[in-house]
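To start, the structure itself, in structure tokens.
Values quoted throughout were computed directly from the atomic coordinates according to the rules given, and no laboratory measurement underlies them. Small disclaimer: the values here were computed from a predicted structure and weren't measured. Positions of Cβ are generated from backbone atoms using ideal geometry, with glycine treated the same way; all protein chains shown enter the neighbour counts.
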Amino acid sequence: MSNAKPRLMSIDAFAKTVEDARIRTTSGGIITLICVLIVLVLIRNEYNDYTTIISRPELVVDRDINKPLDINLDISFWNMPCDILSLDIMDETGDVQLDILRAGFKKFRITKDANGNPDDEILDEESVPVNSDVSIEILAKGLKEGENGECGSCYGALPQDKKQYCCNDCETVKLAYAEAGWGFFDGENIQQCEKEGYVKRLKERVAAKEGCRIMGTTRINRISGSMDFAPGASVNSKGRHVHDLSLYNKEGTSFNFDHVINSLTFGEVPKGAEGSESTHSLDRFGMKVNNRDHVFSYYLKVVATRFEFLSESKKSLDTNQFSVITHNRPLKGGKDEDHKNTVHARGGFPGVIFHFDISPLKIINKEQYAKTWSGFVLGVISSIAGVLMVGTLLDKSVYAAEQAIKSKKDL
């Protein structure tokens, strides 16, 4: 045992000095106090880092690509009455959802203030929810042979020699005209529309230069495609997607697609999650060119995003983020007024088009503490050791300077 003690003493890295050999100075006391204060500040900062919750993103392949995608939309058109506005969705599979304003969305008439400017805060109390989407075969369902009942005229837009089709209301006649590729205009001289007051109501709204605000949610497949707002009833004819522009063209400069996007999100909107602001990149974004023959395009890159929280009381949230590129051009084409070297294509139809591209990847944002417990302890020890080492060097330098000054005075 006696031999073990000298061996342990020989490897002692913390050799002690004799108490009588230590010299205490006033400058050393001041430096010690400064070091203690600095150590306390650093320990507090380490603790703040340890308790801070951050979100770390991780990129993975999206395994939920087959799940439908919700689009939450709130958009205002300042110079477009609700009666002639339609919304269609087309994807790369060739599927077309015609006039989906008939399902999941609501239209609200926007009035004008005393100066003739649109005022989104003043909405007509008579909101205009649109009926569920149905095909022309159901709307214009005819009478079976020998069956008695009302069978309104389709004015030649559909065959009625055997009453196989019946147009008993204005909406059915309007859709029949679209199927036939005829201009419906404002429905004047069509008995069903005159009787329902559609013609009078439409003329009043056009004269008042009303706008339209559309709010709601629709669900689409996670396939790249487009969503377009355009005037008049829409129909697919001979492989082409067309709109009835008869009334839009008739009214001259009364209509245009100047607009503001109040809100556009995909999926559930995260609240209070870090990075959630990236899901609102088009909120309150608008375009105003005051040109009726103009098309506005938005190219969206949608990426699925999942938020995972530390708190057990919060459930994981699946949503979507998107980036966007905007573009607009006149239908007549030609050189861009601002960029003379840019030449726009010619053709198309007026409206607002959202082109969306769905990414096959997914971002997972996991909440976690900025530091682990071991990282916190290591940071505290490093802070203390570093400050004491610097303090020791500073104390030795100050002491050496004091001794040099003292020796000169003694001389």
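Remarks
- Cβ crowding within 10 Å averaged over residues, with 369-376, 196-203 ranked highest first: 196-203, 369-376
- Taking the average, over residues, of other Cβ atoms within 10 Å as the packing measure, peptides 140-150, 322-332 rank 322-332, 140-150 from highest down.
- For the peptides 391-398, 303-310, the ranking by mean Cβ contacts within 10 Å, running from highest to lowest, is 303-310, 391-398.
- Region 272-382 - Rg and Dmax from Cα coordinates, angstrom: 22.4, 72
- Length available on full extension from N48 to I405: 0.36 nm per residue minus the Cα-Cα distance, which gives 124.1 nm.
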